[in-house]
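Contents: one structure, followed by commentary.
The values are calculated or read from the model by the stated rules, or taken from the named source; none is laboratory data. In this text, all values refer to a predicted model and were calculated from it rather than measured experimentally. Ideal geometry is used to build each Cβ from the backbone, glycine not excepted, and the neighbour counts take in all protein chains shown. Heavy atoms of the whole protein, side chains included, go into the accessibility calculation; ligands, DNA and RNA do not. Shrake-Rupley method; radii C 1.70, N 1.55, O 1.52, S 1.80 Å.
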Amino acid sequence: MSTDTLTRTATQWPGLVHADGRRWHYLDTAATAQKPQVVIDATANAMGRDYATVHRGVYTRSAEMTLAYEAARRTVAALIGGDESEVVFTRGATEAINLVAQSWGVANLRPGDRVLLSQLEHHSNIVPWQLIRERTGLEIDVCPLTADGRIDLDAAERMLTPAHKLVAFAHVSNVLGSVLDAPRAVALAHGVGAMILLDGCQAVARLPVDVAALGCDFYVFSGHKLYGPTGIGALWAKADILAEMGPWQGGGSMIDRVTFAQTTWAPAPQRFEAGTPAIIEALGLATAVDFVRDAGLDAIHAHETALVAQARAELSRINSVTLFGPEDSAGIVSFALEGVHPHDLGTILDEENVAIRAGHHCAQPLMEYLGVPATARASFGIYSDESDIAALLRGIERTMRIFG
């Protein structure tokens, strides 16, 4: 890699260049994305020169920060085609799903009701529903996958009944990169009178999303996979659904009036944002959203698609490699190297300056379905290029020599 390229990388993506000037081949974007300098600057300014609390102070800087915080909500809403009144800031997708489960789920699910999940769900879209099962007596059904690792919507259609009150699917699998046919999934759920929640963590950073056009009921995602800070994410829900949902957590900011006799709640979305919010993180997330939209989601997806195609083609030439997921996976390539545990591969790759994810990827039921204890996962981002694939292949070749 040329000095000029390294300089440009270090300027825009400081996390991708080591202190000694070497490029870090970061292939773990599906776990968390590196941050562009504009996001780093935005969070630094929000924490420093612009900092004040929101929704409380009558002084100028607090009023300005409140305007900026609510502007961030509008920016996030616009990314997914929603209205700002429908976006709740959360600590991430995990908290967003738990919010839906603990508020809407507890109020609406009863013994005999059913929830349909899929075999490839992240733990954050499994465990909250198991917790609610213990409280409500609902039943959980699991939709199988197609041969190439997509949620089998033909099977879902056969499984769904009027007893199903919710369908909760990943828009894009965090392990296989398979993209859900979301419009069909929404139609199937609504066809039996069920709500549908889509986990958009792996979708919003690379695919155009329009929740109004999709017609889904809930949509969740995390900021840190979208080139933004950790500790911030969003729940989008239809306005009429949010209006009927009770608060999950109590405290400041989410109230209308408090007395010891009774408390009344603020309207949504404030009703679901108890306490001092993640002000700095929200502003950083809005900057990340602007960055992604300026880059162009179609261009990002095309870039990652080309890298996935190249990586899968190169890996398929290695006899001892087993690839998982569809050929057109979105930004993610999961694989296994015969005779080598993914943790060992990840350790050797780290010595070669390559970072991948090795393990069950918070998707242990999927690992069992695939018949493996773990996989190696290379995941791409805006900043990834062919040199990352070349470095990955060199590391695999070295691993094969070590393990004979």
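Across region 262-279, the qualifying residues are those that are part of a loop (DSSP other than H, G, I, E, B) and open to solvent by less than 40 Å² (accessible area, probe 1.4 Å), and the one among them that is farthest from THR43 (Cα to Cα) is ALA266.
Any residue at all in region 383-402 that is of a type in the set (A, V, I, L, M), in contact with a helix residue (DSSP H, G or I) (Cβ under 7 Å, 6 or more places away or on another chain) and in a strand (DSSP E or B)? Checked against the condition, which is being of a type in the set (A, V, I, L, M), in contact with a helix residue (DSSP H, G or I) (Cβ under 7 Å, 6 or more places away or on another chain) and in a strand (DSSP E or B), region 383-402 yields no hits at all. Go through the residues of region 24-41 one by one and say whether even a single one is over 15 Å from ALA288 (Cβ atoms) and exposed (fewer than 15 other Cβ atoms within 10 Å of the Cβ). Looking through region 24-41, none of the residues is over 15 Å from ALA288 (Cβ atoms) and exposed (fewer than 15 other Cβ atoms within 10 Å of the Cβ).
Residue-by-condition table, conditions (1) surrounded by 21 or more Cβ atoms within 10 Å (Cβ to Cβ); (2) touching a residue at least 40 places away in the same chain (Cβ under 8 Å); (3) over 18 Å from ALA239 (Cβ atoms):
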site	(1), (2), (3)
GLY48	no, no, yes
VAL54	no, yes, yes
ALA72	yes, yes, yes
GLY82	yes, yes, no
VAL88	yes, yes, no
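Comparison of ARG110, ARG135 shows that the only residue that is among the basic types (Lys, Arg) and modelled with pLDDT of 95 or more is ARG110.
Inside region 326-352, residues that are at positive phi and open to solvent by 20 Å² or more (accessible area, probe 1.4 Å) make up a count of 1. Of the residues making up region 154-170, those that are in contact with a helix residue (DSSP H, G or I) (Cβ under 7 Å, 6 or more places away or on another chain) and either hydroxyl-bearing (Ser, Thr, Tyr) or open to solvent by less than 50 Å² (accessible area, probe 1.4 Å) (or both) are ALA156, LEU160, VAL167, ALA168, PHE169, ALA170. For GLY284, the conditions (1) part of a loop (DSSP other than H, G, I, E, B); (2) modelled with pLDDT of 95 or more all hold with the exception of (1).
Within the set THR322, THR305, the sole residue that is open to solvent by 40 Å² or more (accessible area, probe 1.4 Å), of a type in the set (Val, Ile, Thr), in a strand (DSSP E or B) and at pLDDT 95 or above turns out to be THR322. Pairing each residue of region 315-328 that is over 13 Å from GLU397 (Cβ atoms) with any residue that is exposed (fewer than 14 other Cβ atoms within 10 Å of the Cβ), provided the two are 6+ apart or on different chains, yields C-beta distances under 6 Å for PRO326/ASP148. Note on region 346-375: residues that are closer than 16 Å to VAL175 by Cβ, outside any loop (DSSP other than H, G, I, E, B) and not aromatic (Phe, Trp, Tyr) total 11.
So that you can scan it fast, the table gives a plain yes or no per residue for (1) among the small types (Gly, Ala, Ser); (2) surrounded by fewer than 24 Cβ atoms within 10 Å (Cβ to Cβ); (3) closer than 27 Å to MET159 by Cα; (4) touching a residue at least 60 places away in the same chain (Cβ under 8 Å):
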position	(1), (2), (3), (4)
HIS190	no, yes, yes, no
LEU207	no, yes, no, yes
ASP217	no, yes, yes, no
GLY251	yes, yes, no, no
PHE260	no, yes, no, no
LEU283	no, no, no, yes
ASP298	no, yes, no, yes
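If you go through region 286-320 and keep only what is within 16 Å of LYS225 (Cα to Cα) and of a type in the set (D, E, K, R), you end up with ASP290, ARG293, GLU304. For region 184-201, the set of residues classified as in contact with a Ser or Thr (Cβ under 7 Å, 6 or more places away or on another chain) and either closer than 21 Å to ALA96 by Cβ or at pLDDT below 95 (or both) consists of CYS201 only.
Of the strands (runs of 3 or more DSSP E) entirely within region 188-245, those holding at least 1 residues that are small (Gly, Ala, Ser) occupy 218-222, 233-237.
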